[in-house]
1. Among the residues in region 197-206, are any over 21 Å from Ser236 (Cβ atoms), β-branched (Val, Ile, Thr), open to solvent by 40 Å² or more (accessible area, probe 1.4 Å) and not in a helix (DSSP H, G or I)?
2. Go over the candidates Ala562, Ala548, Ala575 one by one and state the one that is small (Gly, Ala, Ser), open to solvent by less than 70 Å² (accessible area, probe 1.4 Å) and touching a Lys or Arg at 6+ places or on another chain (Cβ under 6 Å).
3. Filter region 27-48 down to residues that are crowded, with 20+ Cβ neighbours inside 10 Å, away from ligand 2 (no atom under 14 Å from the Cβ) and in a loop (DSSP other than H, G, I, E, B), then give me how many there are.
4. Could you tell me whether region 566-581 includes any residue that is more than 45 Å from the chain's Cα centre (by Cα) and in a helix (DSSP H, G or I)?
5. Just name the residue that is modelled with the lowest pLDDT out of those in region 91-120 that are open to solvent by 60 Å² or more (accessible area, probe 1.4 Å) and within 16 Å of ligand 2 (Cβ to nearest atom).
6. When region 240-261 is examined, which residues are found to be assigned to a helix (DSSP H, G or I), in contact with a helix residue (DSSP H, G or I) (Cβ under 9 Å, 6 or more places away or on another chain) and either open to solvent by less than 70 Å² (accessible area, probe 1.4 Å) or within 13 Å of ligand 1 (Cβ to nearest atom) (or both)?
7. Any residue at all in region 463-475 that's over 30 Å from Val397 (Cα atoms), modelled with pLDDT of 85 or more, open to solvent by less than 40 Å² (accessible area, probe 1.4 Å) and not small (Gly, Ala, Ser)?
8. Quick one: Asp384 ticks every box in (1) charged (D, E, K, R); (2) open to solvent by 90 Å² or more (accessible area, probe 1.4 Å); (3) modelled with pLDDT of 85 or more bar one, so which box is it?
Amino acid sequence: GGGGHNRSGSIARNGTHTKDDSDTYSNGIQVIDENKEFTPYLPAYLTAQNLITAGFSYHVVAVFGSQSTGKSTLLNHLFGTHFSVMDEQARRQTTKGIWMSRAVEDTKKPDPRAMGNNILVMDVEGTDGRERGEDQDFERKSALFALATSEVLIVNIWEHQVGLYQGANMGLLKTVFEVNLGLFLKDRSTTHRSLLFFVIRDHIGHTPLQNLSNTLMQDLNRIWSSLSKPPGLEDSKINDFFDFEFVALPHKILQPEKFVEETQKLRKRFREGVSPEVEVMNGSNGVGQRGDGGIFLPAYHRRIPADGFPHYASGVWTQIITNKDLDLPSQQELLAQYRCDEIAATCTAGFNEIMSPFEEQAKKTGGESGGRYHKGVFERKREDLRENLEGRLRGLVVGQFSALSKRAVQEFTEEITGILKSANTSGQSASSNYDFAAVVNQTRSKVVDKFIAEASESYIPGAEWSNYENELTSLQAALDEIAARLRGEEMKRLVARLEKAIRSKLAEPVELEFRRMEDKEKGNLWDRVWKVWTETVGEGVEGFLTRAGSLNATEKERDIGAWKLRKKAWGVLKAKIEEEVMEGNILLKLRENFEDRFRYDEQGVPRVWKPADPIEQTYTAAREATLKLIPLISRIRLSTGAEPPLTEFLGDPPTDFEEDVDEMGIAKDEFEVLGEAKQVDLSTRFKRMADAVFVEAKRSTVSSVAE
Ligand code: GDP
Ligand code: MG
């Protein structure tokens, strides 16, 4: 542990740190050391980790808990970090102060620059719960620091500590709550929200997680009500500031494989973006629960650009350590001043470097010294020079335009995607209310206005090329294209969702019809299956059109979507039928059908055969009747003898839509269910089975005679 720190310190101090020193920070960086000093090397670390330019696209999580409860071990499993872990033999505390490390990138992700890959992890020194005083002071300070910087606080706790209201952990949580109330007092404008992510260790499994989390939640609420709250916040609830989540992990030593398995699951979740399924509920019992999706919510983000993070964090720490009231908004303001000054200074320095030779020159000669030479040559050369310089300038301006345009595209995409996502989360009723076209127009004019405002600043009078019109035209075209693409993707998702819904709605009724097989009143098997199918698909398509309407899809897009949905639903039905006629399945159904005829009389009463009964006749009749079903099953045909009007139902395939047209075509023998060979095979098997039933029946007559 200490070694890592010394090395990172000395190398960085020598100023020789390069990317090749990738193991310089192999244990991460000690942000705050045992003397409560804040490291000067955080910018170097973030630069080495390629995070300094990440903007807002990064996350921070911190861990809390008593000493030696496996915190560092947990982080290493979750984030692939190498925080030092207590040596089993020595059994002494290893984590001093606060360490930080970047989570290992999950390269399997399609976009390695995605936010889920930019996670900064903080390992916070725990107290051992016995020593108080100095220790407790540091605990409070580090809690404050973690709250001011992190989105998610992992609270690490043994299962057997749950319910120990007086235990060390509860003291810690009390501190966290108090400190957060203090922060909030100064920061009412921004909703300062965090996730407390409880990881219950060495979970034996006797007590279900739900019970453990209920107990913890009760304790947390008790702590909350025992706090004296500042004026104005007397009635505040714990859920006004925190979301809660609970997970349990098996014992690392006793169930090593399970431990790894569970931590890997968790590891994935930390890397997932906010999925539309995720919903944080603040239920009346106070237990926040969410789906199985991502962990980070936008509301937790502290909104500090990555390049400002080191300055912000160290400023926050200074405030804390000098026992000043921590005031986050003013910290953010100070940070903005500092960073903007710094950025402006860099720009000015570059500009000065370019300008000062000209200024010197102008002072010395009072003008272009070339003017004293041959007039023709001079003018030509002057023109060359002008073009040359202008070319450079032009490159700069054009680059600026395209950067602005890129940003506009990005903002537009993010906003529309976000709206689509939240519309999906908020359920059918709400989502059908919003007007996609209006939202697109609004967002479009917002980003376009911003583009115009900033691009016009680059206008140089007299220089035609510094006019942004062309760039604007292509930006607008790009935005329209994106809107169309996003809508298209949304429509595809919609079709997929509805296809799934149709599949599950269809399953039971089709199974039922296959069990009934014949039904004199309701037509033959296929009449009924066709009816169920068309009705279910009809409903699905209707749902699709409603939603597509609210997306403001064009008529053509709607046609395509509806057609695809119907076509896919046909595939769903075919798959279902295939399942029903699978060898074992269909044989079983034939057997049932046969037995109904053979072993039961017309009134459904089981037959008891007497020697005088026409047992052979009954058998043959029953067998033949059932055998007749095989050709019926083998082809989808209505009782009229015609094939179902599939082509009419599907409608004409829409022209010119790109993907999987092949798969979307209708096969030549669409209505065949069982081929010739399969039918013969099925008949043979069925007869064999029927024979066996017959022989058994015959035997029972003989034995009843013998009795
Ligand atoms: P920290 O002080 O909380 O960071 O704890 P460490 O990660 O350094 O681990 C402390 C000790 O607990 C080490 O000896 C680990 O091997 C051990 N340990 C880690 N995880 C678990 C666990 O899930 N269950 C048990 N029983 N021991 C663990
Ligand atoms: Mg540790």
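The values are calculated or read from the model by the stated rules, or taken from the named source; none is laboratory data. Everything quoted here is computed from the prediction, not taken from an experiment. For neighbour counting, all protein chains shown are included, and Cβ atoms are generated from backbone atoms with ideal geometry for every residue, glycine included. Protein only, heavy atoms only, side chains kept; ligands, DNA and RNA dropped before computing areas. Shrake-Rupley method; radii C 1.70, N 1.55, O 1.52, S 1.80 Å.
1. Checked against the condition, which is being over 21 Å from Ser236 (Cβ atoms), β-branched (Val, Ile, Thr), open to solvent by 40 Å² or more (accessible area, probe 1.4 Å) and not in a helix (DSSP H, G or I), region 197-206 yields at least one hit.
2. Ala548
3. 2
4. Pass one, region 566-581, residues more than 45 Å from the chain's Cα centre (by Cα): none.
No.
5. Arg91
6. Phe259, Val260
7. In the first step, residues of region 463-475 are kept if they are over 30 Å from Val397 (Cα atoms); the result is none.
No, region 463-475 contains no residue that is over 30 Å from Val397 (Cα atoms), modelled with pLDDT of 85 or more, open to solvent by less than 40 Å² (accessible area, probe 1.4 Å) and not small (Gly, Ala, Ser).
8. Condition not satisfied by Asp384: (2).
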